[in-house]
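Working notes for the structure below.
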Amino acid sequence: MKTRLPHTRFATRRARLLTVLTVFAVALVGTAGLAGLQSGTTVPDATIAASKGTAVGAPSASMLGIRTFAKPAGVTVTADVVYTTEADGTPLALDVCSPAGSTPGTPGAAALPAVVSIHGGSWTRGDKANDDWRGVCEWLASEGFVAYSVDYRLAPASVFPAAIDDLATAVEWIRRPDNAARFGIDPARIGAFGGSAGANLALLLGTRGSGPLTEGSRVAAVAELSGPTDLTGQALATDGASERLQDLVLRYLGCSSLADCPQAVAASPARRLDRTDPPVFIGQSDHEFIPLAQATRFSTNLERLGIDHELVAVPGAVHSIGILDEGIRARVAAFLHGALGH
């Protein structure tokens with residue numbers, strides 16, 4: 001049985017649905033402009049209905065819209081820390097990005113919240129240390145979190161549930177008392193952030209497992225961008241998922257047909273939700289590779305279960321961390337601070 005961690009700072013923030021009016025406007029007004037839109041703004045029903053069938057064939061370079069992150073002053077990176085070893089002896093590692101001025105191990109030093117950063121790449125490629133995800137790791141550290149950028153096994157060599165099993169192992173390793181003390185974190189305040197395939201995995205960290213959100217492989221908050229939430233054939237067809245997306249899902253799950261793929265349910269955060277799950281931040285463009293209906297339906301289910309959440313729907317086709325301009329970064333950071341404390 002899952003036990004939910006109280007979220008006192010979210011008592012008045014339940015189910016806020018935010019629509020950013022234009023990407024250009026967000027870039028111009030930044031955080032100040034977003035502040036005026038944060039409460040009670042909803043996506044019109046017509047917009048949600050129109051989102052079905054609008055997914056594009058595959059994310060191009062322009063759709064990815066990779067963000068260049070300026071390196072924050074004072075952030076330190078401890079690279080290639082092995083958190084587990086595969087059966088064949090291959091090590092799996094993570095990078096740790098620590099905030100400026102953090103002093104783990106110093107008597108009286110305050111323990112910091114932690115965020116597990118999960119790279120995207122269609123479940124088949126990607127790396128914790130590429131420039132984009134290293135930038136994400138350092139950005140999270142600049143916000144006051146100890147960030148862990150984690151490598152995990154990739155499909156098709158390692159199909160579901162290999163990746164999520166690795167990430168669960170990583171969370172358990174991070175939470176272990178000696179490792180928590182080494183990097184100066186509070187093991188009761190661990191969240192997850194992911195983009196694209198990494199967003200799906202971050203959501204799985206939030207929705208699978210049982211017990212308190214402060215123990216084992218559970219996380220106390222999830223922030224995700226462009227995450228597929230329901231990988232079942234029925235949902236992908238209803239949402240107008242492209243053939244390319246469906247093919248990637250099959251490779252990830254190790255199935256030959258979505259009509260006969262029982263793994264799809266277990267790999268779908270939308271199918272694993274219950275009332276004890278942590279708060280969720282959902283960010284996505286409305287005409288991108290992942291159908292918007294995946295996000296809006298997930299938000300509706302969170303609302304039905306009474307789980308604190310925010311949905312930011314950005315006009316356009318930019319995918320995953322490409323939407324992380326200053327305004328969206330501020331929203332994500334504020335959400336994580338609210339859920340994890342600081």
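Any read-out appearing in this document is the output of simple, stated calculations on the displayed coordinates, not a laboratory observation. As the structure is a computational prediction, the values presented were derived from the model and not from experiment. Here the Cβ positions follow ideal geometry from the backbone for every residue, glycine too, while neighbour counts run over all protein chains shown.
Just a few scattered comments:
- Within the option set ARG176, ARG182, being more than 15 Å from the chain's Cα centre (by Cα), surrounded by fewer than 18 Cβ atoms within 10 Å (Cβ to Cβ), in contact (Cβ under 8 Å) with a residue 60 or more places away in the chain and over 26 Å from ILE323 (Cα atoms) holds for one residue only, ARG182.
- From the options ALA141, ALA223, ALA147, ALA168, residue that is out of contact with any Asp or Glu (no Cβ under 6 Å at 6 or more places or on another chain) and within 24 Å of ASP88 (Cβ to Cβ): ALA168
- Restricting ARG272, ARG251 to those that are farther than 19 Å from THR124 by Cα, basic (Lys, Arg) and in contact with a Ser or Thr (Cβ under 8 Å, 6 or more places away or on another chain) reduces the list to ARG272.
- Screening ASP308 on (1) over 24 Å from TRP133 (Cβ atoms); (2) among the charged types (D, E, K, R); (3) surrounded by fewer than 20 Cβ atoms within 10 Å (Cβ to Cβ) shows it passes everything except condition (3).
- One residue from ASP274, ASP308 being in contact with a helix residue (DSSP H, G or I) (Cβ under 6 Å, 6 or more places away or on another chain) and touching a residue at least 12 places away in the same chain (Cβ under 8 Å): ASP308
- With respect to the conditions (1) assigned to a strand (DSSP E or B); (2) over 12 Å from the mean Cα position of the chain (by Cα), ASP230 falls short on a single one, namely (1).
- A residue that is in a loop (DSSP other than H, G, I, E, B) and in contact with a strand residue (DSSP E or B) (Cβ under 7 Å, 6 or more places away or on another chain) can be found somewhere in segment 163-184.
- Picking from residues in segment 254-269 that are surrounded by fewer than 20 Cβ atoms within 10 Å (Cβ to Cβ) and touching a residue at least 40 places away in the same chain (Cβ under 8 Å), the one that is farthest from the chain's Cα centre (by Cα) is GLY254.
- Only listed residue being touching a strand residue (DSSP E or B) at 6+ places or on another chain (Cβ under 6 Å) and small (Gly, Ala, Ser), chosen from GLY194, GLY227: GLY194
- Taken over segment 137-162, the criterion of being of a type in the set (Val, Ile, Thr) and either part of a helix (DSSP H, G or I) or in contact (Cβ under 8 Å) with a residue 60 or more places away in the chain (or both) is satisfied by VAL150, VAL159.
- Of the residues screened, VAL280 is one that is touching a Phe, Trp or Tyr at 6+ places or on another chain (Cβ under 9 Å) and buried (at least 24 other Cβ atoms within 10 Å of the Cβ).
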